[in-house]
1. Among residues belonging to the range 432-460 that are of a type in the set (Ser, Thr, Tyr) and either over 20 Å from the mean Cα position of the chain (by Cα) or not in a loop (DSSP other than H, G, I, E, B) (or both), point out the one that is surrounded by the fewest Cβ atoms within 10 Å (Cβ to Cβ).
2. Would you mind finding the one in Val463, Val474 that is assigned to a loop (DSSP other than H, G, I, E, B) and either of a type in the set (Val, Ile, Thr) or surrounded by fewer than 24 Cβ atoms within 10 Å (Cβ to Cβ) (or both)?
3. Name the single residue that is farthest from the chain's Cα centre (by Cα) among those in the range 519-541 being assigned to a loop (DSSP other than H, G, I, E, B) and surrounded by 24 or more Cβ atoms within 10 Å (Cβ to Cβ).
4. Can you find even one residue in the range 384-398 that is crowded, with 18+ Cβ neighbours inside 10 Å, under 30 Å from Asp280 (Cβ atoms) and in contact (Cβ under 8 Å) with a residue 60 or more places away in the chain?
5. Among the numbered criteria (1) without any contact (Cβ under 8 Å) to a residue 24 or more places away in the chain; (2) outside the structural domain of Arg521 (by TED's automatic domain parsing), which single criterion is violated by Tyr636?
6. Can you tell me which residues in the range 330-351 are under 27 Å from Val584 (Cβ atoms) and in contact with a Phe, Trp or Tyr (Cβ under 7 Å, 6 or more places away or on another chain)?
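The values are calculated or read from the model by the stated rules, or taken from the named source; none is laboratory data. Because the structure is a prediction, the values reported are computed rather than measured. Virtual Cβ from ideal backbone geometry, glycine too; neighbours counted across all protein chains shown.
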Amino acid sequence: MKKSAREILESGRSIRRRGLMLGGIQLAVAGALGMKLRSMQLEHAEEYRMLADGNSIKIRLIPPARGLIHDRNGLLLAGNEQNYRLTMTREEAGGDVLPVLRKLSNLIPMTDSRIAELQDEFIKRSAITPIVLADRLSWEQFSSIALNAPSLPGVTLEAGLSRAYPRAGDLAHVMGYVGPVSDYDLERIEEPDPVLMLPEFQLGKVGVESRLEEALRGKAGARRVEVNSRGREMRELGRQEGEQGATVQLTIDARLQNYAAQRMGEESAAAVVMDTQTGDLLAICSSPSFDPNKFVRGISGPDYRALMDHDHRPLADKTVQGVYPPGSTFKMVTLMAGLEAGVINAGTRFYCPGHTEVGGRRFHCWSRGGHGSVDAIQSLEHSCDVYYYELAQRVGIDRIAIMARKLGLGVRHDLPMSAVATGIAPDRAWKRERYDQEWQVGDSLNASIGQGFVLASPLQLAVMTARIASGRAVEPQLLRSIGGVPQPRPEFPELDISESSLRIARQGMDAVMNSARGTARRMRILPDEWRMGGKTGTSQVRNITAAERARGVISNEQLPWNRRDHALFVCYAPYQAPRYAVSVVVEHGGGGGAVAAPVARDILLFALADGLPPLDAVPPEQRAAMEERHNAMHLYTPEPKSPGRSRA
């Protein structure tokens, strides 16, 4: 069919439009290609020429600065210091590293055995993996190598940062330490951050450093560098800085922690100070300690063996890892279990002749002659074992275990520290599951005075004391802020324990310290506004046979150190408005009242006074000894970084 003139005209217009559109597209593509070609030939010509000649542009990660750790008042606990080191990559050294190592041995100390070790390391590692040849170089060594750099292919000088702990051993167990990333570390991480592959990159190993690793690590930066055909870095083409790790602020008061460490001295001991209202851990100190800086720098064999072989176990954190029979500090648990069950009241009396017989077995009181007729408050005041033997038979172990858990014993408290122990608050089901045996009456008697299967850490004893003092389910807190963001401050609910039961326990703890026959009266605090409630504890670590009792029990002083009793003490103050709770355990220290109580009392006084306590806070006969002790201390008294000090 023949087209009309109009149709022919419209068809021609359509063809022209399509042609113009196609031409426009072709022109745009040609323009874009031209611009890209111009960019490649003029602006990036040198870069692409280098790529064509030998792929000589490298991307190198820049390790981020690790986040800082401060105490509650802004005092530095973990920081970073300048570190000069030397690395080498086998690929960039041309494959044969021995000639380069020989040249380096003329510039820095490097023995034949060290060279052999490095050769083995290069064989084990990928050819593109940098290996650290030397660390913590002096400025003179650093400069000498830099001057000889053209003759040292594959060698790179780095000025980086290394972790440093200015307070050395004061907080070693709390913060832990960092160290080089090991194969074991990488195996435990599902998708390792590439920065962990950098030579000698430092990773948190234990403590806060480990538990807050991701926050403290930061994010790596990167730099683009030009290297020549021999692998020598020629110039930097670009750099993107990384992000420093988050700054972490702990609840710890470094001054109080330092005082606690010095007050415990060389004892194998632990002390915990806890705010009864907020749960903040103001001090959590294990003694003896160690210098974490040695682990960062690579601890020597002799130094490590000395720590491992030490009978006081300086590497163990006794505050959260150590669990001990709590001894008579557990008696408040048994007492309140009886009060809550309605088995006894404040006036209920039991007679103590010095022992109780059950099933043909004699269970002794610590007082061989007995205490006579004793009521509930006096049972704590005199620490009468027989009272609790009688009470345990009436109340039963299951109720005692429930009360223990209400007070924080036998419960794992979530803290960013390593190996936090759960302890044991045993009951019938626990023994059946653990030993496939039924619970016996004798087990209850032992448990009632904190012996037998019962185990608690110093942290748990501090939590127990804080809960008795406050009447609330206080949980320990160690983190104040991360990256400047305050951590949530929980509202602690009231304990499911009647106020009358708590009041009787507090009155008993007050009598321990302040009554005429209290077991710790000598360690009382004199000012009424700082009046203290407390409880002594002595836990046996060996069995005393009937034959030994007949001829006289051997005193702790006559026994080898590791067979002596543990000394324990828990306390809180002020009595009328509780603010601080303290627990102290001295391993194999002997009597709690004689050994642990004076340490705990002095630490509590330091917290109350916010510094060295006045001498008139203690009985007159103890003031000279306290003054002499304080004069011998080297206390940490820096100015805070931020204005004002507060434990609120």
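1. Tyr435
2. Of Val463, Val474, the one residue that is assigned to a loop (DSSP other than H, G, I, E, B) and either of a type in the set (Val, Ile, Thr) or surrounded by fewer than 24 Cβ atoms within 10 Å (Cβ to Cβ) (or both) is Val474.
3. Thr519
4. Looking for residues that are crowded, with 18+ Cβ neighbours inside 10 Å, under 30 Å from Asp280 (Cβ atoms) and in contact (Cβ under 8 Å) with a residue 60 or more places away in the chain, one finds none in the range 384-398, hence no.
5. The number of the failed condition is (1).
6. Correct list: Lys331, Thr334.
This table checks each residue for (1) among the acidic types (Asp, Glu); (2) in contact with a Lys or Arg (Cβ under 9 Å, 6 or more places away or on another chain).
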position: Arg432; (1), (2): no, no
position: Ser448; (1), (2): no, yes
position: Pro458; (1), (2): no, yes
position: Arg467; (1), (2): no, yes
position: Ser481; (1), (2): no, no
position: Glu494; (1), (2): yes, yes
position: Arg506; (1), (2): no, no
position: Met523; (1), (2): no, yes
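Residues are listed down the side, and each one gets a yes or a no for (1) modelled with pLDDT under 95; (2) not assigned by TED's automatic domain parsing to the domain that holds Ala271:
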position	(1), (2)
Gly534	no, no
Gln558	yes, no
Asn562	yes, no
Gly589	yes, no
Pro613	yes, no
Ser642	yes, yes
